[in-house]
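Okay, structure first, notes after.
None of the figures in this text is laboratory data; all of them are computed from the coordinates on show. Note that the structure is a prediction, hence the values are computed from the model and not measured. Cβ placement follows ideal geometry from the backbone for every residue including glycine, while neighbour counts extend to all protein chains displayed.
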């Protein structure tokens with residue numbers, strides 16, 4: 001039995017079928033290094049977990065990466081899929097590159113964590129011992145937050161906030177929108193995955209309506225009065241979509257208080273909106289395994305140490321990406337990738353008995369308000385008062401009133417960023 | 001000197017990466033990426049318009065960061081990022097990438 005992969009008494013270790021690609025040989029060969037290389041288990045192979053696992057393997061750790069899905073469907077640029085500007089295949093990444101990265105990729109669901117015994121249980125009965133555990137589970141949607149919006153409602157009213165089938169469904173519904181129809185899109189209160197995402201989605205749906213569905217309208221119901229890149233979005237909306245997009249902020253009654261998926265009705269305290277297409281982005285929490293591991297607090301998110309990303313609640317477990325409370329650092333793919341690398345280095349340091357260095361992390365986030373019209377926000381972050389705080393004087397958004405050439409340049413840079421970061425994460 | 005150490009380390013890691021041998025000592029502390037460097041490769045890679053940083057001369061990277069920071073060199077986004085790093089941090093990042101050889 002391998003040191004890195006064993007079943008509890010009476011249960012079999014994962015079968016060869018459960019292992020992906022070349023990773024199988026690594027495990028089954030069971031190299032004679034039991035007890036030597038530090039064992040790190042990473043749960044979740046998105047932008048955070050895949051990046052962390054690759055960098056840990058490069059640093060000499062014996063890494064097991066647990067992921068239930070056979071492929072990854074990326075959220076950045078998925079609003080282009082919603083608006084019919086891009087196919088879902090451009091968002092979809094296989095894990096073959098990870099299989100070649102010298103780590104063990106397990107296609108399995110992590111179902112429990114025992115932080116005292118330092119073991120992760122898998123749904124198939126196997127268990128993985130670890131010296132350090134990294135959880136990068138992303139988000140779960142809260143189906144208890146908006147009355148009427150439960151797990152069944154997502155067919156009639158897609159969230160499309162986890163890219164994949166939901167993204168394609170929303171794109172199809174928009175394509176079938178009747179002439180002069182009404183689209184309702186709702187944005188949640190902070191914090192949630194991808195702060196500018198609902199506004200990019202509103203922009204690109206408005207572009208779709210303007211070019212393909214004359215006389216159709218988009219109503220953006222917003223549980224906030226202020227949001228990321230707000231002035232830039234509003235500048236673009238006033239120029240490009242004045243007759244298409246109506247933004248209803250919190251102070252004008254924008255918070256959705258209930259939905260009726262059967263009747264296609266979205267309610268606020270002040271009004272009732274009959275929708276032909278409704279996209280509800282509900283409030284969120286850390287992915288389930290982080291909650292089961294005890295890493296989430298009452299907010300539903302996971303407080304972490306800003307130097308090592310170790311959970312403030314459970315020793316030996318690190319949380320990165322959208323699930324973490326990273327202070328000023330937004331929940332973005334760029335953040336998750338940057339955190340994955342910093343966390344991997346910190347874990348290597350801790351396992352080697354070295355003090356981790358104080359990090360600095362960067363976030364960059366591009367949004368598209370129309371084809372060829374990109375805007376961005378950037379930030380530099382460092383640990384301060386137990387959180388990741390903005391480095392004073394750095395960061396900020398693209399300028400208002402910039403020439404079209406600069407917007408086009410940022411749109412192209414966003415495309416380049418996407419190609420680069422997906423390669424950095426998935427190989 | 002650093003380059004030689006890195007080469008030896010890379011050889012060691014290549015073996016470890018294949019999980020084919022007992023783990024040796026983990027990478028020595030002095031070759032850890034300096035603060036901020038890990039984030040750069042989120043954008044900077046071969047094939048992207050932003051270009052890779054690996055193997056570029058230290059003076060070129062440090063000079064570019066200084067020019068972005070002062071606003072002397074026009075930029076879409078690097079002006080906002082470079083202001084998050086002082087001269088010493090910028091030099092450390094530049095030395096790190098310069099020492100990584102060509103991609």
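Miscellaneous remarks
- 45 Å tail of the calculated P(r), the protein assembly as shown, as % of Cα pairs: 14 percent
- The mean count of C-beta atoms from other chains within 10 Å of the C-beta of residues in A:411-417, rounded to a whole number, is 4.
- Beta bridges per DSSP with both ends in the protein assembly as shown, % antiparallel, nearest 5: 55 percent
- Region A:223-301, relative contact order in percent, only Cα pairs under 8 angstrom and at least six apart counted: 18 percent
- Residue mean of other protein chain beta carbons inside 10 Å, A:239-251: 0
- Mean residue ellipticity at 222 nm, helices only, the protein assembly as shown: -9500 deg cm²/dmol; runs of at least 4 DSSP H residues each add -39,500 (n - 2.57), and the sum is divided by the number of residues.
- Euclidean distance between Cα centres, region A:372-427 to region A:77-126, Å: 25 Å
- Descending by average beta-carbon neighbour count within 10 Å, the peptides A:374-384, A:306-316 line up as A:374-384, A:306-316, the highest first.
- 10 Å Cβ neighbours from other chains, averaged over peptide B:40-53: 6
- Computed over chain A: relative contact order in percent, which uses C-alpha pairs under 8 Å that are six or more apart: 17 percent
- Highest mean packing comes first when the peptides A:56-63, A:124-131 are listed by Cβ atoms within 10 Å, giving A:56-63, A:124-131.
- Segment residue A:152-residue A:250, length gained on full extension (0.36 nm per residue, minus Cα span): 32.6 nm
- Take each peptide in A:328-336, A:403-411, A:170-178, A:155-163, count the other Cβ atoms within 10 Å of every residue, and average; sorted highest first, the result is A:328-336, A:155-163, A:170-178, A:403-411.
- Contour minus Cα-Cα distance for residue A:389 and residue A:271 (0.36 nm per residue): 38.6 nm
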